[in-house]
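Asks: Structure incoming, see below.
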Amino acid sequence: MRSAKGWIRLPKNNLPECDFVDLFSACLPRQQILLAEPMSRHTTFAIGGPADCMVLPASPAEAAAVLQLTLRHKLPLTVIGNGSNLLVRDKGIRGLVLKVGQPMSQLQQEGDFIIAGAGASLTSVAQYAAACSLTGLEFAVGIPGSIGGAVFMNAGAYDGEMSRVVDGVTAVCPDGVIRDFSATEIRFGYRHSVFQENHCVICEVRLRLQPGDAAQIDATMADLTHKRESKQPLEWPSAGSTFRRPPGFFAGTLVEQAGCKGLCCGDAQVSEKHAGFVINTGQASAADVQQLIRLVQEKVKAKSGVDLWPEVVILGEE
């Protein structure tokens, strides 16, 4: 139930009513508190029902204050970045969504290091590094999403990955304590970091790069951008690669061999340009995408005997 002030009765777990505006105005400007916010505005899939409340902290201190209030009031919490690896179900997300986004996207050079707010896009950080004549982050240009999300997932492409350039991270723990993590404490693995287990909110990333030739860095980034644009369906909303790469195989190849290129469920389609991508060709619902994922999994299993697992993270109520 919602009043003009923004009261929400959360439907599950017998949670009490909560006025999100009153609660979070103590630590955030009003414009950083959004009520009944459509998640389709915050995912690259352009899909998703409303979040009861979304907050956009602009600093680790603001994020810490939000987490402390969330813990005190026992609110369900979902943390997102740019939403580039998310499928939000059609009924949206109950409770609070904390988005590490544009308000936390500052960039600063310190010698061979770049300090990046976790909400900064990977592409903007790679371009900033190039402008500083620092090399090592070229692989990240064009990867959708924020640098915080890239650290969370240890994103990589073209023989590069975040684990090779991250020197440290400032994050806020679930109890609201701000903590610095060294590179070894992050425990990077394939598409993995410790933040998937400890549920700390990444707020700032410290990158260790090397001096380089600006012209060569720009040329490398232009070449990688061309490769990405020529091979991937970037003209359509998607969540990037839909499936994890099975050991010894390429997911897109398996999907294509199973005859799934162009396969549709509603407006969700397996891209005809790259079979590893499910795209939103119009008004696809999350249910459409999930149905298509299941259908592709069944066809690949029947054709090759390989189990495909989604790389996209699925959140919210069906």
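The values are calculated or read from the model by the stated rules, or taken from the named source; none is laboratory data. Bear in mind that the values here come from a model prediction, so they are computed numbers and not experimental data. Cβ atoms come from the backbone with ideal geometry, glycine included; neighbour counts cover every protein chain shown.
Asks: For Leu69, state whether it is within 25 Å of Thr170 (Cα to Cα), in contact with a Ser or Thr (Cβ under 6 Å, 6 or more places away or on another chain) and in contact (Cβ under 8 Å) with a residue 12 or more places away in the chain.
Replies: In short, no.
Asks: Between a residue in region 273-300 that is surrounded by 18 or more Cβ atoms within 10 Å (Cβ to Cβ) and any residue that is part of a loop (DSSP other than H, G, I, E, B) and of a type in the set (Lys, Arg), which pairs come within a Cβ distance under 7 Å, given they are 6 or more apart or on different chains?
Replies: Note: pairs meeting the criteria are Ala275/Lys261; Ala286/Arg89.
Asks: State yes or no: is Phe24 of a type in the set (Phe, Trp, Tyr) and either within 19 Å of the chain's Cα centre (by Cα) or surrounded by 18 or more Cβ atoms within 10 Å (Cβ to Cβ) (or both)? Break it down stepwise before answering.
Replies: Values: of a type in the set (Phe, Trp, Tyr): yes; either within 19 Å of the chain's Cα centre (by Cα) or surrounded by 18 or more Cβ atoms within 10 Å (Cβ to Cβ) (or both): yes.
Taking the combined requirement at face value, the residue satisfies it.
Asks: Determine, yes or no, whether Asp159 is of a type in the set (Asp, Glu), without any contact (Cβ under 8 Å) to a residue 12 or more places away in the chain and surrounded by fewer than 18 Cβ atoms within 10 Å (Cβ to Cβ).
Replies: For Asp159, the condition - of a type in the set (Asp, Glu), without any contact (Cβ under 8 Å) to a residue 12 or more places away in the chain and surrounded by fewer than 18 Cβ atoms within 10 Å (Cβ to Cβ) - is not met.
Asks: Same structure, new question: Among the residues of region 235-264, which ones are over 17 Å from Val88 (Cβ atoms) and not in a loop (DSSP other than H, G, I, E, B)?
Replies: Ser241, Phe243, Ala251, Gly252, Thr253, Leu254, Val255, Glu256, Gln257, Cys264
Asks: Out of all the residues in region 110-125, is one or more of a type in the set (S, T, N, Q) and buried (at least 24 other Cβ atoms within 10 Å of the Cβ)? So that I can check it myself, show each step before the final result.
Replies: To start, the set of residues in region 110-125 that are of a type in the set (S, T, N, Q) comprises 121, 123-124.
Adding the requirement that they be buried (at least 24 other Cβ atoms within 10 Å of the Cβ) leaves none.
No; the residues of region 110-125 include none that is of a type in the set (S, T, N, Q) and buried (at least 24 other Cβ atoms within 10 Å of the Cβ).
Asks: Right, another one. Could you go through region 86-98 and let me know if any residue there is touching a residue at least 12 places away in the same chain (Cβ under 8 Å) and within 11 Å of the chain's Cα centre (by Cα). Spell out how you get there, then give the answer.
Replies: So the first thing to find is which residues in region 86-98 are touching a residue at least 12 places away in the same chain (Cβ under 8 Å), and the list is 86-98.
If we keep only those that are within 11 Å of the chain's Cα centre (by Cα) as well, we get 86-87.
Scanning region 86-98 turns up at least one residue that is touching a residue at least 12 places away in the same chain (Cβ under 8 Å) and within 11 Å of the chain's Cα centre (by Cα).
Asks: From the list Gly266, Gly305, pick out the single residue that is of a type outside the set (Ser, Thr, Tyr) and within 23 Å of Arg245 (Cβ to Cβ).
Replies: Unique residue meeting the criteria: Gly305.
Asks: Kindly indicate whether any position in region 234-245 is surrounded by 20 or more Cβ atoms within 10 Å (Cβ to Cβ), more than 21 Å from Thr43 (Cα to Cα) and in contact with a strand residue (DSSP E or B) (Cβ under 6 Å, 6 or more places away or on another chain).
Replies: no
Conditions tested, residue by residue: (1) within 15 Å of Ala118 (Cβ to Cβ); (2) at pLDDT below 95; (3) among the basic types (Lys, Arg); (4) under 12 Å from the mean Cα position of the chain (by Cα).
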residue: Thr43; (1), (2), (3), (4): no, no, no, yes
residue: Ala46; (1), (2), (3), (4): no, no, no, no
residue: Gly49; (1), (2), (3), (4): no, no, no, no
residue: Val55; (1), (2), (3), (4): yes, no, no, no
residue: Glu62; (1), (2), (3), (4): yes, no, no, no
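Asks: Report every pair of residues separated by at least 6 positions or lying on different chains whose Cβ atoms are under 6 Å apart, first residue within region 43-64 and assigned by TED's automatic domain parsing to the domain that holds Arg89, second part of a helix (DSSP H, G or I) and small (Gly, Ala, Ser).
Replies: These pairs meet every condition: Ala46/Ser40; Ile47/Ser40; Ile47/Ala286; Gly48/Ser40; Pro57/Ala63.
Asks: Would you please name the residue that is surrounded by the fewest Cβ atoms within 10 Å (Cβ to Cβ), looking only at residues in region 55-73 that are assigned to a loop (DSSP other than H, G, I, E, B) and among the hydrophobic types (A, V, I, L, M, F, W, C)?
Replies: Taking the candidates together, the pick is Ala58.
Asks: Show me the strands (runs of 3 or more DSSP E) entirely contained within region 141-227 in which 2 or more residues are more than 21 Å from the chain's Cα centre (by Cα).
Replies: Where strands (runs of 3 or more DSSP E) fall fully within region 141-227 and carry at least 2 residues being more than 21 Å from the chain's Cα centre (by Cα), they are 178-182.
Asks: With within 26 Å of Lys273 (Cα to Cα) and in contact with a Gly (Cβ under 7 Å, 6 or more places away or on another chain) as the only criterion, which of Leu209, Leu224, Leu234 stands out?
Replies: None of the other options fit; the residue is Leu224.
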